[in-house]
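The values are calculated or read from the model by the stated rules, or taken from the named source; none is laboratory data. These numbers come from a predicted model, not from an experiment. Note that we place each Cβ from the backbone using ideal geometry, even for glycine, and neighbour counts take in every protein chain shown. Accessible surface is based on the protein model in full, side chains and every heavy atom, while ligands, DNA and RNA are left aside. Shrake-Rupley method; radii C 1.70, N 1.55, O 1.52, S 1.80 Å.
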Amino acid sequence: EDKFDTGLKRSRNRFREGLLSLVGKEIKIDHDFMDEIEAFLYQSDFGPRITESLLQKIEESSRKSPVTNYEHIQDIIRDAFRDHFAGNDAKIPVGNHHPFVLLVAGVNGSGKTTTLGKLAYAYAQQGKKSLIIAGDTYRAAAVEQLETWAQRAGASFIKNPGAKNPSGIIYDGIQKGIRDQSDLILIDTAGRLHNKAHLMEELSKIIRVIQKLIPDAPHENLLVLDGTVGQNGLIQAREFGKILPISGLVVTKLDGTAKGGVLAAIHEEMGVPVKFVGLGEKIDDLLPFDADLYVDSLFG
Ligand code: GDP
């Protein structure tokens, strides 16, 4: 897929330049070299655990047979990265429920609104009808933006701009989704409330309201994370993980960072699959995560 290649250009270039500048024409795997590789992996946001295991693999490999060039180092890192995502199941079985209820959470600015629009569009391309519920009733401007995205995606949309909390609109929305025989109900949620307890209370209320009408829903809880914020994103992810049972991740703006390693760090931290990646601002710039394509584009 071309989009992976274009979207990950920055990370790929950084990787190439970084490694090439380190190794020059000939590599000698000595202490200095390992220190430099370590610094490079940290700068690429692989995080401590993955960095450690990569260093180990490079060392092991150099003990077995001499590691002599850039390509060899690249291969080791590529294989380790691929191994890391081996069990990552990006599929969302939307056909298993009718309607399939998908909740989207994440802090403001992470790309939540955009992602909802892109999701509805992606499913529309598969012939599936979506309804988007504007469950973040606190940001009037965001509700308008979401409506614009829904229109672009050809999705139905329901909002209640005057509401003090989202319970009513969620209830109405689920009823509408059932009545209209929507294939998917995509629910936006607040990205920031006064404090964690408040956010937790709101999210659990939303889930209770959904379950009044569809007891086994939501069928998927996606957390949207901004791929450019590095370690901050990890802290946010961890906090949300305590509030909501996250079933999958959407990592956005990977086209805007040279630190593509962050995806591995986030995945490692959260222990849930990466389902989609955002590789641009356009409506078709959200792609189901494919580890092989990702790795090929990152290191290719
Ligand atoms: P929200 O506050 O979480 O709802 O965030 P928005 O959806 O409004 O997105 C915030 C900004 O990030 C907007 O300018 C989007 O166009 C931009 N954005 C979202 N996803 C991506 C992405 O994958 N790549 C790039 N380059 N920009 C993105």
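Name the shape class, rounded, prolate or oblate, that the alpha-carbon gyration tensor gives for the chain, where a ≥ b ≥ c are the square roots of its eigenvalues, rounded holds for a/c under 1.5, and otherwise prolate holds if a/b is larger than b/c and oblate otherwise.
prolate
What is the gain in length, in nm to one decimal, between residue 148 and residue 75 on full extension, counting 0.36 nm per residue of separation less the C-alpha to C-alpha distance?
21.9 nm
Leaving ligands, DNA and RNA out of it, work out the accessible area of residue 35 with a 1.4 Å probe and give it in Å² to the nearest 10.
80 Å²
Modelling each spin label as a point 7 Å along the Cα-to-Cβ direction, I'd like the residue 268/residue 96 distance in nm, to one decimal.
Taking the simple label geometry, residue 268 and residue 96 are separated by 2.9 nm.
Could you work out how far apart the two model spin labels at residue 204 and residue 63 are, taking each label as a point 7 Å from the Cα in the direction of the beta carbon, and quote it in nm?
About 5.0 nm separates the two model spin labels.
Would you mind getting me the FRET efficiency between residue 179 and residue 17? Use the beta-carbon distance for r and R0 = 51 Å, nearest 0.05.
Once rounded, the FRET efficiency stands at 0.35.
Between the stretch 220-247 and the stretch 84-139, how far is it from one alpha carbon centroid to the other, in angstrom?
15 Å
Of the options 48, 18, 125, report the single residue whose Cα projects farthest towards the positive end of the charge dipole of the stretch 1-126 (beta-carbon charges: Lys, Arg +1; Asp, Glu -1).
The residue sitting most towards the positive pole is 125.
Using a Gaussian network model of the chain whose springs link C-alpha atoms within less than 10 Å, name the residue from 152, 16, 63 with the highest mean-square fluctuation.
63
For the pair residue 239/residue 192, report the inter-label distance in nm, with labels modelled 7 Å from Cα in the Cβ direction.
A separation of 1.0 nm, rounded to one decimal place.
Explain nothing, just the number: dipole magnitude of the stretch 253-300 about its Cα centre with +1 on each Lys and Arg Cβ and -1 on each Asp and Glu Cβ, in debye rounded to the nearest 20.
Around 140 debye, computed over the stretch 253-300.
Using the charge dipole of the chain (Lys, Arg: +1 at Cβ; Asp, Glu: -1 at Cβ; taken about the Cα centre), state which of 197, 270, 74 has its Cα farthest towards the positive end.
197
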